[in-house]
1. Exactly one of (1) farther than 30 Å from His188 by Cα; (2) polar (S, T, N, Q); (3) at pLDDT 95 or above is unmet by Ser51. Its number?
2. When you go through Glu204, Glu241, Glu246 one by one, which is the residue that is assigned to a helix (DSSP H, G or I), of a type outside the set (S, T, N, Q), within 33 Å of the chain's Cα centre (by Cα) and more than 17 Å from Ser3 (Cβ to Cβ)?
3. Among the numbered criteria (1) of a type in the set (Gly, Ala, Ser); (2) touching a residue at least 12 places away in the same chain (Cβ under 8 Å); (3) surrounded by fewer than 18 Cβ atoms within 10 Å (Cβ to Cβ), which single criterion is violated by Ala313?
4. Which of the residues belonging to the stretch 240-263 are under 30 Å from Ala214 (Cα atoms), among the basic types (Lys, Arg) and surrounded by fewer than 13 Cβ atoms within 10 Å (Cβ to Cβ)?
5. Is it the case that Leu96 is on the phi < 0 side of the Ramachandran plot and either touching a Pro at 6+ places or on another chain (Cβ under 7 Å) or in a helix (DSSP H, G or I) (or both)?
6. Residue by residue through the stretch 128-147, note down the ones that are over 18 Å from Ser7 (Cα atoms) and touching a strand residue (DSSP E or B) at 6+ places or on another chain (Cβ under 9 Å).
7. From the list Arg66, Arg79, Arg26, which one is of a type in the set (D, E, K, R), touching a residue at least 12 places away in the same chain (Cβ under 8 Å) and touching a helix residue (DSSP H, G or I) at 6+ places or on another chain (Cβ under 7 Å)?
8. Failed condition for Glu290, given (1) more than 26 Å from Ser209 (Cα to Cα); (2) within 32 Å of the chain's Cα centre (by Cα); (3) not β-branched (Val, Ile, Thr), with all others met?
Amino acid sequence: MASYHLSVKSVRRSEGRSATAAIAYRQAERIECQREGRVHDYRAKAGVEASFIVAPEDAPTWAHDRQALWNAAEARETRVNSVTAREWELALPHELDATGRRELAHAFARELVARYRVAADVAIHAPHREGDQRNWHAHVLTTTRSLTREGLAEKTRVLDAKQTGGQEVEHMRERWAELQNRALERAHVAERVDHRTLAVQRDEARSLSHEARADNLDRAPEVKLGPVVSAIERREQRAAEREGREYIPVTERGAQVHEARAARSLLAELGRVRDELREQVRERAQLAREIYAHAREEGTDRIRAGLAALRAAAQRQGIGLERGQGQERGPTHGIAHGPAPGEEQGRDPWAERQASRDSIKERLERLRTREAPHHAQDGSQHERVAGLSAGLSAHGLDRQHQERSLGTEAIRERLEALRDRAQPAAQREEPAVGLPAHGREPEQAQEGHRARSAEAIREQLRGVLDRARPVAVEREGIGHEREGLAHKEQAHGDEREEHALKHKDRGISYGL
């Protein structure tokens, strides 16, 4: 399957890199860096299939000399944090041959040179001997300055600016997809690549009613393994093949990629089975229409013609035949039928379809059993969370009840304290027993004083009760029944208050 990949990287001095070292490694050549006074020799490196330089037509002659070109690029930059080269990394279709890969990489290099007037140095790499043998790729290093007749000129700011850099890279990604698809078409390969995101491709497939393709695109992007993890997983795969056992990923990212690929393969197989079933239904419907039309032309009534069409469609599917034997269970009513597809080669279509369904069921069962521990763990976690929530709820209810009880007790304690303070004051105001009559206040003034004191204490108690009543109602959530009880308690409280404030023989008793 053809795959799409294009990435853009920068060679920066601030990272300790140089254009001469980068091109020497990718081309597996010996390059002497005049600025650093170093020699980069990678001639022992293998895997470079082809290499070439593409430059503008009016470029100087030295631009086609690799060592002269990149030493000029290094000399042209004077800052310690300069970007001396830009690298375009491309994935080449493994379906193409060596000539097709070279032409495709050359076409992309010409696109870069024509659009930005830079020099492009191309290296086509073969897959690593221990890696994926489909990993044909190309490295295209371009100068960061335009190349004119006089030499390296101005910087290609259109690729450096934030406002235009992303748009330019996206344009080149689209052009690379178009060039790759043209090369696949010339090679008579049905596969195509797409530079857009999976979400955009999925929406387009659904708008065109391509359900199978939309289902295949309904997935998350695959996790990038990287060279280290890829090497570990390749070693494990080879060990599993030698020992004749099933391959099990040994890294977390490897397991994620393996699961994603297995699910994607299963979806593709389910889509293939669905397409086959749709095609069979279409063929049976077409056969039924033809049988019905033929029967009607011969003068058969509608009911008999419809029954004949239904029998023909059922027998086309295999209904009414002994599975694996091809013998009819019931009469065909004079309708002749040829062998089912695949029977002339001695194959059993029913057995093949049943084997395909069993294979899908087995793969689904493996995925389900693999995910069962995770679901069980999630279930136990949900139970713990539910129990904790229930405990918190119960604790919250008990806490609210305790708060209401404490609020009621506090009101009662305040009223009792008020009563206790009132009783000593009343006792102090009572005249002492046995005092002489001429030392007492006049009877009328004494009665007025007692009335004013009783009225003041009564108003104070009423204010306390009025402030306490809304609080008790709010905290205890009093309904209609509790409101009635509150009114009764208020009435009894008023009676007790009036009873406590009655005149006695020697003074007033302030009881609550």
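1. So the condition that Ser51 fails would be (1).
2. Values: Glu241 fails: within 33 Å of the chain's Cα centre (by Cα); Glu246 fails: assigned to a helix (DSSP H, G or I).
The match here is Glu204.
3. Result: Ala313 passes all but (3).
4. Arg261
5. no
6. Arg145, Ser146, Leu147, listed by residue number.
7. None of the other options fit; the residue is Arg66.
8. (2)
The values are calculated or read from the model by the stated rules, or taken from the named source; none is laboratory data. The model shown is predicted, which means the values in this text are computed figures rather than measured ones. When we count neighbours, we look across all protein chains shown, and the Cβ atoms used for this are built from the backbone with ideal geometry, even at glycine.
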